[in-house]
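In what follows, a single structure is set out as structure tokens and then discussed.
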């Protein structure tokens, strides 16, 4: 990309961002506005990489790989649900004893090509967790998390109901982590190329989940995008198996 085109792109982005900024000031919470301002700063510092992502060609994956990947996802999900069914019953009882509300928590997420779906989790927060704040990230010592929920999050057991999403074809074992519509809208308008994460089926684990963890800042969002784009460009069966093995090892060592 030549200098004239690059600076035109930056100028165009700033104009769009400022227009969007004026719109969100009156409709979002102070925490959400603060995050947006931090994102603007992070994008300015990483604009060259982000514009390359925005302009990259679509990745064409072999049909045999997609079929094999889907077969692996469904097989692992069915086997996991059968083997872990006693654990699921115990967890359900503990959640009901610990706090009021449903055992399973369903939340709208954005999947491949922007398709919306409901993600399943064991509930780890109070049932009215976002009533006052709207969509916000959970923090390490978040007071909204219940006692049992903290254990489930630490061990990642809260994610196990997503085996249902794998069986339904909404998620894969490996892929970019699915995000909520609110954040997808905000990040896609602010970060060039962010929507490229939606080019593939989202996953339970992947480079971003293993090395970046949960989003906690503007810079963590940019890092997550870098890891996700790296996976999308390189994804293959060998890489998927390697990431799954790394995930199981990290779970066993308590590093996730």
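The values are calculated or read from the model by the stated rules, or taken from the named source; none is laboratory data. In this text, all values refer to a predicted model and were calculated from it rather than measured experimentally. Positions of Cβ are backbone-derived with ideal geometry, glycine not excepted, and every protein chain shown enters the neighbour counts.
Which one of 243, 251 is part of a helix (DSSP H, G or I) and crowded, with 16+ Cβ neighbours inside 10 Å?
So the residue among 243, 251 that is part of a helix (DSSP H, G or I) and crowded, with 16+ Cβ neighbours inside 10 Å is 243.
Which is modelled with pLDDT of 95 or more and either surrounded by fewer than 21 Cβ atoms within 10 Å (Cβ to Cβ) or not in a strand (DSSP E or B) (or both), of 170, 185?
Values: 185 fails: modelled with pLDDT of 95 or more.
Step by step, each of 170, 185 is checked, and only 170 is modelled with pLDDT of 95 or more and either surrounded by fewer than 21 Cβ atoms within 10 Å (Cβ to Cβ) or not in a strand (DSSP E or B) (or both).
Tally up the residues in the stretch 42-79 that are loosely packed, with under 13 Cβ neighbours inside 10 Å and touching a helix residue (DSSP H, G or I) at 6+ places or on another chain (Cβ under 7 Å), please.
1
Filter the stretch 151-160 for residues that are under 16 Å from the mean Cα position of the chain (by Cα) and either in a helix (DSSP H, G or I) or surrounded by 23 or more Cβ atoms within 10 Å (Cβ to Cβ) (or both) and give the result. If you could, list the steps in order and put the result at the bottom.
Quick first cut of the stretch 151-160, residues under 16 Å from the mean Cα position of the chain (by Cα) only: 153, 156, 158-160.
153, 158, 159, 160 - these are the residues of the stretch 151-160 that are under 16 Å from the mean Cα position of the chain (by Cα) and either in a helix (DSSP H, G or I) or surrounded by 23 or more Cβ atoms within 10 Å (Cβ to Cβ) (or both).
Select from the stretch 54-74 the residues that are assigned to a helix (DSSP H, G or I), within 26 Å of residue 165 (Cβ to Cβ) and in contact (Cβ under 8 Å) with a residue 12 or more places away in the chain and list them in ascending order.
The answer is 65, 68, 69, 70, 72, 73, 74.
Quick one: in the stretch 188-203, of everything that is touching a residue at least 60 places away in the same chain (Cβ under 8 Å) and outside any helix (DSSP H, G or I), which residue is surrounded by the fewest Cβ atoms within 10 Å (Cβ to Cβ)?
Looking at residues that are touching a residue at least 60 places away in the same chain (Cβ under 8 Å) and outside any helix (DSSP H, G or I), I get 193.
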